[in-house]
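The values are calculated or read from the model by the stated rules, or taken from the named source; none is laboratory data. On a predicted model such as this, the values are computed, not experimentally measured, just so you know. Reconstructed Cβ throughout: ideal geometry from the backbone, glycine too, with neighbour counts over all protein chains shown.
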Amino acid sequence: MKPKILMARAVFPEVIARLQQHFEVESNQDDRIFSAAELAEKLRDKDGVIATASERISAELLSACPRLKAVCNQAVGYNNIDVAAATLAGVMVTNTPDVLNETTADFGWALLMATARRVTEAEHWLRAGHWKQWRYDSFLGADVHGATLGIVGMGRIGQAIARRSLGFDMQVLYHNRSRLAPELEARANNARYVGKEQLLREADHVIMVLPYSTESHHTIGATELGWMKPGATLVNLARGGIVDDAALIAALRAKKIAAAGLDVFENEPALHPDFLTLSNVVLTPHIASASEPTRRAMADCAADNLLAALLPEKEGVLPPN
Ligand code: DGY
């Protein structure tokens, strides 16, 4: 009998076809978001699941699904999974690191450029028919070239963002749980390790790329926003809870910082309604890894992980390295 698995969300059909060769697959190509009770019900008779950052895999759910052996997240972040409870229950947890580093770093730059140079604000204004003449002071923004970039969270994505800053003649400051090895700092445009307060006080543009955990909850709140330069921009690519949305809204409204670019939100997909009333924020729907090749690579990586977890003895299920 084939092991049973659930694809919790819609995925590229080719990935389902591949997994069907080895598993009895229940898919969700309508992409309906299951309630916690529905997810537990669906997982009760499953050996494995491919989940996304939207599915909460709690201790309660794990205890209701004793047959479950593997939770394979189609994401690098795994704060949606209670890893300690999974470990206790003997459930393997996997994520999709590396395959999305460069694409996510590209998007960090897209958000930074759009935010600093007010790209979406200008486009909305133009589309609304307001453009009647060129003006010397239309949409004056901040320079990116030559500025100081602050990166909070210097993992693989942070380092990929830093490498790109070389072409913009930027100085890079970073804050991280631990300091990088000297050769990694050198590759990251000679990034300089500093404390959070120094980074926020000195950087012109700040990018958040650290993993979410109880320790990183509200890494940026009212106090930290108060340390930032009045002309500074803040980009969050990581997870919503890293920035206190209400404090950020207050800072943007009072122009304590110039602008923010956000791909993630505290209660996404619900947005704090005040974000929609502000012109100095660029808002995108959690798409930093959304290039076609990278989303395919993430899906393939999650499928490989599930095959390795549930059929470790079977040769030929994984493509050769
Ligand atoms: C990730 O991989 O963690 C992205 O945020 C997509 O969820």
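Per-structure values
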{"quantity": "Residue check for Leu68: free of Cβ contacts under 8 Å to residues at least 60 places away in the same chain, out of contact with any Gly (no Cβ under 8 Å at 6 or more places or on another chain) and assigned by TED's automatic domain parsing to the domain that holds Glu26", "calculated": "no"}
{"quantity": "Selection from segment 238-261 of residues that are within 13 Å of Ile220 (Cα to Cα) and within 16 Å of the ligand (Cβ to nearest atom)", "calculated": "Ala238, Arg239, Gly240, Gly241, Ile242, Val243"}
{"quantity": "Segment 74-107: number of residues that are in contact with a Cys (Cβ under 7 Å, 6 or more places away or on another chain) and either of a type in the set (S, T, N, Q) or more than 16 Å from the ligand (Cβ to nearest atom) (or both)", "calculated": "2"}
{"quantity": "Some residue of segment 281-297 being crowded, with 16+ Cβ neighbours inside 10 Å and more than 16 Å from the ligand (Cβ to nearest atom)", "calculated": "yes"}
{"quantity": "Scope segment 131-159; condition crowded, with 18+ Cβ neighbours inside 10 Å and over 25 Å from the mean Cα position of the chain (by Cα); matching residues", "calculated": "Gly141"}
{"quantity": "Tally of residues being within 14 Å of the ligand (Cβ to nearest atom) and surrounded by 15 or more Cβ atoms within 10 Å (Cβ to Cβ) across segment 262-280", "calculated": "5"}
{"quantity": "Every pair of residues 6+ apart whose Cβ atoms lie under 6 Å, when the first sits in segment 177-206 and is at positive phi while the second is surrounded by fewer than 21 Cβ atoms within 10 Å (Cβ to Cβ) and not basic (Lys, Arg)", "calculated": "Asn189/Leu166"}
{"quantity": "Residue in segment 200-214 that is under 29 Å from Ala84 (Cβ atoms), over 21 Å from the mean Cα position of the chain (by Cα) and either basic (Lys, Arg) or in the same structural domain as Asp263 (by TED's automatic domain parsing) (or both) present", "calculated": "no"}
{"quantity": "Helices (runs of 4 or more DSSP H) fully within segment 22-131 counting 1 or more residues that are at pLDDT 95 or above and hydroxyl-bearing (Ser, Thr, Tyr)", "calculated": "59-64, 83-89, 101-116, 119-127"}
{"quantity": "Residues of segment 178-209 that turn out to be over 22 Å from Leu225 (Cα atoms) and either part of a strand (DSSP E or B) or among the acidic types (Asp, Glu) (or both), as a count", "calculated": "2"}
{"quantity": "So Lys2, is it surrounded by fewer than 18 Cβ atoms within 10 Å (Cβ to Cβ), more than 16 Å from the ligand (Cβ to nearest atom) and in a loop (DSSP other than H, G, I, E, B)", "calculated": "yes"}
{"quantity": "The lone exception for Ala110 - which of (1) within 16 Å of the ligand (Cβ to nearest atom); (2) more than 28 Å from Leu306 (Cα to Cα); (3) in contact (Cβ under 8 Å) with a residue 12 or more places away in the chain it fails", "calculated": "(3)"}
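Matching residues to (1) within 16 Å of the ligand (Cβ to nearest atom); (2) farther than 15 Å from Asp300 by Cβ:
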{"residue": "Val25", "(1), (2)": "no, yes"}
{"residue": "Gln29", "(1), (2)": "no, yes"}
{"residue": "Arg44", "(1), (2)": "no, yes"}
{"residue": "Ala53", "(1), (2)": "yes, yes"}
{"residue": "Cys72", "(1), (2)": "yes, no"}
